[in-house]
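Visitor: Supplied in structure tokens, the structure appears directly below.
The values are calculated or read from the model by the stated rules, or taken from the named source; none is laboratory data. Owing to the predicted nature of the structure, the values given are computational and were not obtained by experimental measurement. Note that each Cβ is placed from the backbone with ideal geometry, even for glycine, and that neighbours are counted across all protein chains shown.
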Amino acid sequence: MLIVFGSINMDMVISPEHLPQAGETVLCPDYDLLPGGKGANQALAAARMGARVALVGSAGSDAYAPQILNTIRRQGVITSGVSQSDLPTGCAFILRESGGRNRIIVATGANVEARADQVPDEILRPECMILTQTELPAEEVFSLIRRAHARGLKVILNLAPAMPLPEDILGMVYILVVNEIEIEQTAKNLGLAETAHKDMARALAL
């Protein structure tokens, strides 16, 4: 089983012709409101590829939560590990530029209440795998990684957004997922001198 300890957000996606300057108003013809969050998205993608997947996290008691959770349940994702919060469900505001690049601001909302102990020890078995991201409280993410590693599970960490990693955590991660900006920030946080992305990746893998 793949256990995804991850964020649950409603994504608002807009595609303006250009990004506004400070004080400027830019019109956009429409927007998309889509169930998302890195955790929920990755859980859904894995389930569609045939994996048995459980999502663990936190969502609000508002109208967004059932829209997101029902969407991924229909694809077979187990959501019994998702707790309900009095905070609003997280939201991500995604500006999609004409060239296809995204600029994303995440309002974390209920995600801040996700706790590592929502993943019980009895399902942390070596044949399972953990997938997590850093849109949840960092110490909860690191706590789960340590518990999983101690029990022989492989861990995939999507370091988004990038943040400093404790020295022991990087060595416990089986696969580290980063984009160009995230690997640059991670290399800087770790004091690596490499300037090419491939060299940074090799250095992080050592």
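Visitor: Output yes when any residue across the range 22-29 is at pLDDT 95 or above and touching a strand residue (DSSP E or B) at 6+ places or on another chain (Cβ under 6 Å), and no when none is.
Guide: First, the residues of the range 22-29 that are at pLDDT 95 or above: none.
So far as the range 22-29 goes, no, none of its residues is at pLDDT 95 or above and touching a strand residue (DSSP E or B) at 6+ places or on another chain (Cβ under 6 Å).
Visitor: In the range 30-60, which residues are modelled with pLDDT of 95 or more, surrounded by 11 or more Cβ atoms within 10 Å (Cβ to Cβ) and either assigned to a loop (DSSP other than H, G, I, E, B) or hydroxyl-bearing (Ser, Thr, Tyr) (or both)?
Guide: Listed by number, the residues that qualify are ALA51, ARG52, SER58, GLY60.
Visitor: Mind counting the residues in the range 89-148 that are part of a strand (DSSP E or B) and either free of Cβ contacts under 8 Å to residues at least 24 places away in the same chain or hydrophobic (A, V, I, L, M, F, W, C) (or both)?
Guide: Count: 13.
Visitor: Out of (1) closer than 23 Å to GLU140 by Cα; (2) among the hydrophobic types (A, V, I, L, M, F, W, C); (3) touching a residue at least 60 places away in the same chain (Cβ under 8 Å), what's the single condition that is false for LEU55?
Guide: (3)
Visitor: Quick one: in the range 147-165, of everything that is within 24 Å of ILE123 (Cβ to Cβ) and surrounded by fewer than 19 Cβ atoms within 10 Å (Cβ to Cβ), which residue is nearest to the chain's Cα centre (by Cα)?
Guide: Going through the qualifying residues, I end up with ILE156.
Visitor: Give the range 72-88 a look and list any residue that's in a strand (DSSP E or B) and of a type outside the set (A, V, I, L, M, F, W, C), or say none.
Guide: Taking the range 72-88 first, the residues in a strand (DSSP E or B) are 78-84.
Matches in the range 72-88: THR79, SER80, GLY81, SER83, GLN84.
Visitor: Name the single residue, out of those in the range 72-98 being touching an Asp or Glu at 6+ places or on another chain (Cβ under 6 Å) and at pLDDT 95 or above, that is farthest from HIS18 (Cα to Cα).
Guide: Among residues in the range 72-98 that are touching an Asp or Glu at 6+ places or on another chain (Cβ under 6 Å) and at pLDDT 95 or above, the one farthest from HIS18 (Cα to Cα) is SER85.
Visitor: Please verify whether THR108 is closer than 28 Å to ALA65 by Cβ, buried (at least 18 other Cβ atoms within 10 Å of the Cβ) and out of contact with any strand residue (DSSP E or B) (no Cβ under 6 Å at 6 or more places or on another chain), treating the condition exactly as stated. Walk me through how you get there before you give the answer.
Guide: Numbers: closer than 28 Å to ALA65 by Cβ: yes; buried (at least 18 other Cβ atoms within 10 Å of the Cβ): yes; out of contact with any strand residue (DSSP E or B) (no Cβ under 6 Å at 6 or more places or on another chain): no.
No: the conditions fail for THR108.
Visitor: Can I ask one more? Of (1) modelled with pLDDT under 90; (2) under 24 Å from MET129 (Cβ atoms); (3) among the hydrophobic types (A, V, I, L, M, F, W, C), VAL177 satisfies all except one. Which?
Guide: (1)
Visitor: For ARG101, work out the one condition from (1) surrounded by fewer than 19 Cβ atoms within 10 Å (Cβ to Cβ); (2) modelled with pLDDT of 95 or more it doesn't fulfil.
Guide: (2)
Visitor: If you take the residues in the range 159-170 that are modelled with pLDDT under 90 and in a helix (DSSP H, G or I), which one is farthest from LYS38 (Cα to Cα)?
Guide: For the range 159-170, the residue satisfying everything is GLU167.
Visitor: Look at ALA160 and say whether it is closer than 21 Å to SER80 by Cβ and in contact (Cβ under 8 Å) with a residue 60 or more places away in the chain.
Guide: No, not satisfied.
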